[in-house]
Amino acid sequence: MLTVVLALLSLPAAVRGVTESGVLVLYNADNADSAVIAQYYQQVHPDVHLHGLNLGAVGEQVTAQFYLDNIASALVNPSSGVLNTQPWGDQIDVIVTTKGMPLRIDAGQNPGTIPYWRRYSSLESELTRVDVISTIADMGNQDYFAAKFQIPTLPGNPYYLGPETDLHTGQNVPYAGPQAFVRTANEGMRLTARLDGYTRQDVLDSIDRAQRAIRVPFGQVVVVADDPNAPNGNLPTADRMTGGVDLNGNYVRGLDDILNYNGQKKLHDNTAAALTDAADPVMGYVSHGTHDSGTLQQNYIANQLLFERADGAVFHSYESWNACSFNPSYNWSGQGQIGQWFATGGTAALGTVEEPLPSGAGSGADSITNEDIFFDMLLNGYSFAEAAWAATRQLSFVNTVVGDPLMTWKLWTPGDANLDDVVNLYDLQTLGDHWQQTGASWREGDFNNDGIVNQADLQILGDRWSYGAGAADLNLTFDQALSALGLPVPEPATLLLLFGGGAVLLYPRRARPAGRLRPRKNI
């Protein structure tokens, strides 16, 4: 009966390669939204560093020269750049931008000598290489293949964990599984993310949701909208990881296997019909560029995706321009805008600020973030910033990462019915309200997912009584809590059977081990 719960306990604990003290938040000091968002983020993450720039009433698009003179220089100028003059500058692993900062950079026309010149890039993608890319020519030169195995790697991402073929030796380098970010091991690149949305409140709400991102593997779903009419092809072909990955003797290929291997429930829709709803809260959504019987819809995110977004819900679609603006009145025919994801309860998203046409890498799929690696990282407890950039092949490019970079998907604690990461009287109240109910969910007290709220679920809750910070504030023993709610207190012999004799004591707070990966079950 406890199989589901025991399986949960075998999943990996949260890990993190980046920390608050390694985060620098850039904001436009001349923009009220930008300043408020930066200050709020520091309230949530007190150890992050803030740095305001006087950029004036800057728009979403700026020239490359503006970026170099006003943003890059403020960071890396040898005599005045904040990363060089502040004692914490060399500790910064993540640069965060805010609403009110530029979104897209225009490098202008090809001077005529660079084969893979690309005019546009995102601010966040450029900031990953702010330490080494210092000219307009370098910003426009996005010849991935020519740069991949040279030092320093400019458009190639040294942190990319996906399968590769060494262009010089022909050797295949497979994906080896999740890996924490270490800047010194990745040519000094930095991770980046953006805090943005249609409104200031959308951004603040998304920051709050990121702190409550708790994953219930059997009670939330990752949606894969795999329309066969999508121009990028469907899941079994275009975006499966070539080469796969050997995890503990299991050969894993593609997002379906990644989700299965990590015990995550999924909804894989490979029909041409529009996907509009899901029975469970959605923790992640992926689509390949087609949403409704082969046609794109400008407002499909708000009007068609009617499912509940769980706190921590991430969005990734194979669409051009889906992050080209955070102005709600902006209209790009047929393309969804990730601003709608945040406005409708989403927490984080991956997008592109311009058309991600095939670059030197040779195909559009090479330029889009690999969702297999992205979700594998998230499911294994890595931060959102690590997951996004570990799965993105190219830098100084059009990709952007939007949401709290420090967000991790915490693993659910059985017994926590209201997802406050605490097991206490409120969860017991929920279980009591649904006692003996069939067809209940984990949110109603069915913690082992067997379809009924009963003594087995009571055992799970009792075993974790007072788990979590603040849970013991009510100062009730488990049997006192049962009595307070009008639930029958079991006889001592029954208590001994259910809780190993410990239920009459106030259970000590139990912290999950940090950074330790428990063995996972085979597929």
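Please work out which residue is surrounded by the most Cβ atoms within 10 Å (Cβ to Cβ), limiting yourself to the stretch 129-178 and to residues that are among the polar types (S, T, N, Q), in a loop (DSSP other than H, G, I, E, B) and at pLDDT below 85. My answer is Gln142. Among the residues making up the stretch 425-444, a single one is in a loop (DSSP other than H, G, I, E, B) and closer than 22 Å to Gly312 by Cβ: Ser441.
Which residue is farthest from Leu55 (Cα to Cα), if the candidates are limited to the stretch 73-89 and must be surrounded by 13 or more Cβ atoms within 10 Å (Cβ to Cβ) and not polar (S, T, N, Q)? Result: Trp88.
The values are calculated or read from the model by the stated rules, or taken from the named source; none is laboratory data. Bear in mind that the values here come from a model prediction, so they are computed numbers and not experimental data. Don't worry about glycine lacking a Cβ; one is built from the backbone with ideal geometry, like all the others, and counts go over all protein chains shown.
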